[in-house]
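Derivation of every value follows stated rules applied to the coordinates shown; laboratory data play no part. Not measured: the values here are computed from a predicted model. Heads up, the Cβs are rebuilt from the backbone with ideal geometry, glycines too, and the neighbour counts pull from every protein chain shown.
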Amino acid sequence: MKHKKITKDTFNPKAFTFIDLGLPSGRLWATENAPCFYTYDEAVDTFGELLPKGSAMVELIEESTCTWNDEKKGLDITGPNGNTIFLPAAGYTWDSLDVKAKKAKDKEGHYWTRKPFSQTTTRYLYFSRSTYPLILSRSSLGFSVRLCQENNHAFVWHPGYEPYPTPSEHGSDVRLLLKVEGLPMPYLTAAWDGHNLYTFSTFGYPDSPWTSFPDDIKIESWAILP
């Protein structure tokens, strides 16, 4: 399936799954990239505060174990708690639309941060078989985007046995972060409609409702996501 480029009007944060890597800041990182490439201005305009700060990218690299994955062509990043995300070496383009001129695919990764250096240059994460958290590039190039949520520790956690909150009178689902036992990743995002829990795939298509869990999966606690 070919995914379309996200714009400010079509961006839906609920479409992304975020996990805790056990970083000192408590930041949560998305499990997959935003589809396609973006110039710096496009990335800031589309993703806003979910585009990682420069300090967030430095923390991700310096506080984690980073290993080049030769089979998948990219960087495995394992956090202090053992959870792992994968950053594809997707390369880059001369602009965000010129995908036919993609450079260094499967060899290099280029990921924007929210830290401009000048009117025409921006700091970004570069990696091949080595990693360089904040180097400079022209803001007009098309780079990858990996989203980041700030401060997981600010969430108010409730025991798993407590009832979920009631959706608003407008019919909006309640967005939850679940801490679970029995899965490779201990955190899942879900929506509660008052009757069923729905998990979300990376690009926002709801799976079948979870009316019950297998015996080996247990919800330890839950928190309301903004």
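Between the listed residues 36, 21, 83, the Cα displaced farthest toward the positive end of the dipole of region 13-149, a dipole computed from Cβ unit charges relative to the Cα centre, is found at 36. Along the Cα-to-C-beta direction of residue 135, a point sits 7 Å from the Cα; which residues of region 13-42 have their amide N less than 18 Å from that point? Counting backbone N atoms under 18 Å from the label point, the list is 40. Each residue, residue 8 and residue 45, gets one label point 7 Å from its Cα in the Cβ direction; the gap between the two is 0.6 nm.
In this structure, the residue pairs whose Cα-Cα separation is over 24 Å, taken from 14/72; 5/53; 8/73; 4/72; 5/103, are 14/72; 8/73. How would you classify region 1-154 from its alpha-carbon gyration tensor, with a ≥ b ≥ c the square roots of the eigenvalues: rounded for a/c under 1.5, else prolate if a/b is greater than b/c, otherwise oblate? Note, shape of region 1-154 comes out rounded.
Protection proxy ranking of 28-38, 48-58, by the mean of other Cβ atoms within 10 Å over each peptide's residues and highest first, is 28-38, 48-58.
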